[in-house]
Each structure stands twice: as structure tokens, then as C-alpha cells.
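One structure below.
The values are calculated or read from the model by the stated rules, or taken from the named source; none is laboratory data. Note that the structure is a prediction, hence the values are computed from the model and not measured. Here the Cβ positions follow ideal geometry from the backbone for every residue, glycine too, while neighbour counts run over all protein chains shown.
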Amino acid sequence: MAGGAISLGIAFAEGQPDDFHRAPVAALALGSFAFGLVVLLAGFRFSANTVFGLTVFGTLLIGTGTYWLGVSLGPFGAMLFIWSGTYGYYFFTRARAAFLTALIGITYAAVLALQPSTGLQCAYRPDGDERLTLRRD
């Protein structure tokens, strides 16, 4: 519910960047808010497998929302992955938590690969200077 409330606030805030998609973010925020409400009201009746499945679904929902937030606001959406990952290690077995961590990595990698470039590149200089430099295309 917290992620839905935060996303809903972001969706209706003024002064968003050009790459922000208001309608999909609002729809996902309402969906995640409803998802959280169902878990809050009926979660104690769910089996461990159902809770794990819902956490996987929530992780994919966070990834979709992070994509639609755009390049400028995407890192704020990616912070929601911390909740999903922490939840996994707190409640599930090590194998399921490791699966959830891998899913978070794959989901965020897909978001970064599908979003348009920011124009910044990280360049390594192999001339003995052990620094990474950022440059704009």
C-alpha cells in the first residue's frame, strides 16, 4: 500500500520531466494500492506459496512502474525493490529469497535495457589511470 500511495503521489505531482508517463503510473499505483489492500485484509489466510507468488507479482509490478516512471524518476521507483528484496529474506527460505533477488536483478536489468539512454556513458581508461569517467554523448 505504501508503494501505491507513493506512486500515486508521484503520478499527480506537478512539474514532472518529459519522459514521465502519468497515465500508466497512475494505473499501476491504483493497482498496487488495491493489491496491498487485499494482502492487508486477507493476507493472514494465505499459504506460504501464495504469499511468495504475490511477492513475485509485486516485484514485477515494481519493475513495470519503474519503467513507466522514465529515466529521470526511475531510481525512485527502483528503491521499492529494496522492500521486495528485504521481504524475501525476512519471510522466505534462502532458496526463495535467492530466487527473488535474482528476479529483482533481471527485472531491473530489463528496465534499464528497455528505457532510452540518458546520454551518459561510463568509460574506463586502460592507460594506467585507474579512474572511471562519465561523459555525455
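Here residue 50 clears all of (1) surrounded by 21 or more Cβ atoms within 10 Å (Cβ to Cβ); (2) farther than 16 Å from residue 85 by Cβ; (3) not acidic (Asp, Glu) except the condition numbered (1).
Contact annotation: no residue pair with Cβ atoms under 9 Å, 6 or more positions apart or on different chains, pairs a residue in the range 15-44 that is touching a residue at least 40 places away in the same chain (Cβ under 8 Å) with a partner that is exposed (fewer than 13 other Cβ atoms within 10 Å of the Cβ) and aliphatic (A, V, I, L, M). Take the conditions crowded, with 18+ Cβ neighbours inside 10 Å, at pLDDT 85 or above and part of a helix (DSSP H, G or I) and apply them to residue 55. Does it pass? Yes: the conditions hold for residue 55.
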